[in-house]
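Accompanying notes for the structure given below.
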Amino acid sequence: MKRFLIRSGISPLDLFDAPTIIARDAIGSNVGNLLYAYSIYRNLWTEDTEIIPDYYRIDPDDADHINETYDGYLIPLADAFRETFRRQLKQYTKLIKRLKIPVYIIGVGLRAPYEPDLKAGFPFDTDVKNFVKAVLEKTGQIGLRGEITSAYLTQLGFQAGVDHQVIGCPSMYTFGKNLTIKDITLNEHTKIFTNLAPIAPQLVVDFMRHGLQNYSDVTFIPQDIDELTLTYSGGTYLNGPSLGKELRNYPNNLESPEYRSGKVRFFLSAPSWIKAMKMADLSIGTRLHGNVAAAIAGTPGIIFPADARMRELSEFHGLTTYQADAIDENTTLSDILEQVDIHSPERKQAANFANFEAFLDKNQLSHIDFDSTEPAPLDKKLESVQLLPPVEPLVNCEKQEILQRLEANYPALKARNKTIQDRSAKTTKQLRKAKNELQTQKTEWESEKVELEAKLLRAKQVNQRLKAKLTAKNKKIRNQRVTLNRRSVKLALRIADQFRK
């Protein structure tokens, strides 16, 4: 049996509760990461292949162990070409260079503004080049999330269709080539799941708060780890991406209407998230994977794209979008639904899936029989797993559960803090090592400089001596020429006198 290592914080077979996820950051800061990893698990886990998570560990010193233990390394990524992922990208590059097994990048993208200026370049261009070069030595082709990322890598010197191929997000292929999205009829009882990210334009945030007030069954689905802490314990200790930014009407504290009403759910696994999404009538918001979960569950979803990452994936998969600048204070949900096509993802799914399958085949990755009606091997394993329910806010809890959560939260945060401290200490150690290496190099350069300066001085002195000798010799030659010329004249005069006699 083949064994593949995968970049993943949680296996679908793991049952990690909220404190464990918080302590380990097992969702990579965003539970959306579980969706695309789940697709890889489900599609590549066969009767002859086992997939083991690396729990987000990146250490070049693990190379020998990985080479001896696994047959390949699956690395699905999100928008990893970004400033805040440079450290990890460099570590991956070092690790991959030392690996002797195939490495598969099944989806990676660029983080950039909605209208990116690719020609201007990015501070991390060199890091991306080094990473891609290292990967291409271990694989046939890199899978990209969209055309913007493809244009970016092409500009860096890599060839589209040879070095890289646009495949979209693997999460869209979780259940195969068929995608059927149900219709929606709006009424006051329509079951709506909402999602928001701190990059959301204020108009969208305001609409999500006031534009959905006429609907009684609206549930907010947060995704960031700091939001998990808030939902689980009421704390804002992890001042992360969602809680660390001030936005009017953004649900980032227990006083927000979403939390006070108890209508918040934080899902701890991809299967439980998708299962719940099937029961919803509509998903709407600024989270990409929040609405991808809806699409693969057959539920209509509407995305307000805010950056290049969301734009390229929405365009590639035909996800239903609505532009934020089209919203004003009078916009209603009915207005939006009248202007969008909730079935648009269906029309691109088959062709995109065929392209994804061709990518897997080109990289010689075995996968399940996509045409089979039998349950996938992972589905069979999940039948015996009792998935954990989503985390509800404290307002929905009895006193005893609140106490249990608060007691469990402290060691979780303590462990999380230790993880951060350990990472910081490791980074400090690496920086100190690099500083020492630079100092050693500087000392060597200074020694070489002194030696070269001494050689230059000696050469200058030799040159001066040679110049002095040359000057003296030239003077002697000139004197000899003058003497010779005088003698020649005298001789000529004597000869002339003899002829006159």
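Laboratory data are not the source of any read-out in this text; all were calculated from the coordinates shown. Predicted model, so just to flag it, every value in this text is computed and none were measured. In this analysis, Cβ positions are derived from the backbone assuming ideal geometry, glycine residues included, and neighbour counts consider all displayed protein chains.
Observations, loosely collected:
- Of all DSSP-defined beta bridges confined to the chain, some 5% are antiparallel rather than parallel.
- Between R248 and S384, the simple label model (points 7 Å from Cα in the Cβ direction) yields a spacing of 5.6 nm.
- Relative packing of peptides 406-416, 269-279 - highest average C-beta neighbours within 10 Å first: 269-279, 406-416
- Quarter of Cα convex hull surface for segment 192-343, i.e. mean projection, nm²: 8.5 nm²
- Here the Karplus relation 6.51 cos²θ - 1.76 cosθ + 1.60, evaluated at θ = phi - 60°, turns the backbone of segment 81-90 into coupling constants of 7, 8, 4, 6, 10, 4, 4, 5, 4, 5 Hz, with x for every Gly and Pro.
- Partners for K476 among lysines (Cα-Cα distance below 19 Å; same-chain residues under 8 apart left out): K467
- Within straight-line cross-link reach of K399, lysines at Cα separation under 24 Å, skipping those fewer than 8 residues along the same chain: K263, K414
- Among the listed pairs K90/K138; K2/K90; K2/K348; K100/K418, those beyond 25 Å (Cα-Cα): K2/K90; K2/K348; K100/K418
- Here S366 and E137 are evaluated by their C-beta separation; at R0 = 30 Å the FRET efficiency comes out at 0.85.
- Spin-label pair S272/N463, simplified geometry with 7 Å Cα→Cβ offset, distance in nm: 7.8 nm
- Electrostatic bookkeeping for D335 treats Lys and Arg as +1 and Asp and Glu as -1; over the other residues with beta carbon under 13 Å from its beta carbon, the sum is -3.
- When the P(r) is computed for the chain, the part past 40 Å accounts for 33% of the Cα-Cα pairs.
- Inter-part distance where segment 54-119 and segment 1-45 are each reduced to a Cα centre, Å: 16 Å
- Cβ-Cβ FRET estimate between L212 and M279, R0 fixed at 22 Å, reported to 0.05: 0.80
- Considering all C-alpha pairs of segment 1-137, those separated by over 18 Å amount to 58%.
- Three-way shape label, segment 297-382, alpha-carbon gyration tensor, a/c 1.5: prolate
- A454-N67 FRET efficiency (beta carbon distance; Förster radius 51 Å; 0.05 resolution): 0.60
- Summed side-chain charge close to K2 - residues other than K2 whose Cβ falls under 12 Å, Lys, Arg +1, Asp, Glu -1: -3
- Amide H contacts of E50 (H built 1.01 Å from N, in plane; Pro and chain starts excluded): K2, R3, F4 sit under 5 Å, all sequence-distant by 5 or more or on other chains.
- Total formal charge among the other residues, if their Cβ is under 15 angstrom from that of K133, Lys/Arg +1 and Asp/Glu -1: +2
- Placed amide H near T139: partners under 5 Å, 5+ positions off or other chain: V103
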